[in-house]
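What follows is one structure encoded as structure tokens, with my remarks underneath.
The values are calculated or read from the model by the stated rules, or taken from the named source; none is laboratory data. These numbers were taken from a predicted model, which means no experiment stands behind them. Positions of Cβ are generated from backbone atoms using ideal geometry, with glycine treated the same way; all protein chains shown enter the neighbour counts. For accessibility, only protein heavy atoms count, side chains too; no ligands or nucleic acids. Shrake-Rupley method; radii C 1.70, N 1.55, O 1.52, S 1.80 Å.
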Amino acid sequence: IKAAGGTAAAPAGGAPATESAADKAKREEMIKKNAEIEATNKKITESNEVIARTFKAGNEALTAANLASKDKKSDEAIQKYTEAVTQYDQGLAADPDQPAILTNKAVALKARGVERFNAAITSKSEDEAAKNAALQQAKDDFKAAAEASGKAATMIKAQAAPTDAAEVP
């Protein structure tokens with residue numbers, strides 16, 4: 001006796017039905033899809049952990065850099081801004097579509113550029129090549145900051161506006 005689904009109906013005694021080739025293929029396809037979904041979810045979870053960790057570490061370094069800058073500790077500020085940029089880059093490597101990380105990276109790059117520029121123009125060194133190299137580093141930071149800001153703005157503009165009134169602040 002065949003059921004509509006293509007499997008043999010179980011006898012009245014409750015013995016298991018044998019699986020047809022089509023049902024077996026469907027079951028195997030579902031198992032394969034579930035494994036893919038689990039792998040994707042694991043990757044997303046790991047990415048979220050990296051993003052959270054690097055965003056926090058980058059923000060801590062950015063705060064420390066701002067304090068060092070206020071205290072006129074330019075070398076320390078540059079080092080901390082660099083650390084912040086490195087942390088943000090690690091987060092972006094896990095997921096490049098993070099406008100908040102890009103925005104903070106832009107802030108760190110701009111501030112590091114300011115520190116480098118000020119250090120170069122106030123330097124008492126007579127070495128013009130070193131001053132020019134320092135000024136170029138500042139310009140590179142400013143350019144990278146502008147690029148990161150632009151990319152973040154593009155991402156934010158591309159997001160759909162909320163349609164639920166409860167989602168609007």
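Hey, if we sort Ile101, Ile31 by accessible area with the 1.4 Å probe, largest down, what's the order?
Ile31, Ile101
Can you tell me the 0 to 90 degree angle between the C-alpha axis of helix 74-94 and the longest principal axis of the chain, rounded to 10?
Approximately 20 degrees, to the nearest ten.
Nearest 10 degrees is fine. How inclined is helix 21-70 to the longest principal axis of the chain, computing both from alpha carbons?
Approximately 20 degrees, to the nearest 10.
Run the reach check for Lys32 against lysines, Cα to Cα strictly under 19 Å, same-chain hits fewer than 8 apart removed. What comes back?
Those lysines meeting the cut-off are Lys24, Lys42, Lys43.
For a quick check of your reading of the filter: which trypsin sites (Lys or Arg not before Pro) in region 34-93 sit in a DSSP loop and have no more than 13 other Cβ atoms within 10 Å?
Answer in residue order: Lys72.
Give the peptides 58-67, 155-164, 128-137 in descending order of average Cβ contacts within 10 Å, highest first.
58-67, 128-137, 155-164
With every protein chain in place, what's the accessible area of Thr103 (1.4 Å probe, Å², nearest 10)?
60 Å²
At a probe size of 1.4 Å, how large is the accessible area of Val50, to the nearest 10 Å²?
Estimated to the nearest 10 Å², Val50 gives 40 Å².
Relative contact order, percent, of the chain when contacts are C-alpha pairs under 8 Å separated by at least 6 residues?
This gives 16 percent for the chain.
Would you mind checking the pairs Lys124/Lys151; Lys80/Lys139; Lys80/Lys131 and listing those with alpha carbons more than 29 angstrom apart?
Lys124/Lys151
So, R0 is 41 Å and r is the distance between the beta-carbons of Gln136 and Glu46; what FRET efficiency does that work out to, to 0.05?
Computed FRET efficiency for Gln136 and Glu46 comes out at 0.65.
What distance in nm lies between label points placed 7 Å from Cα along the C-beta direction at Glu36 and Ala166?
3.3 nm
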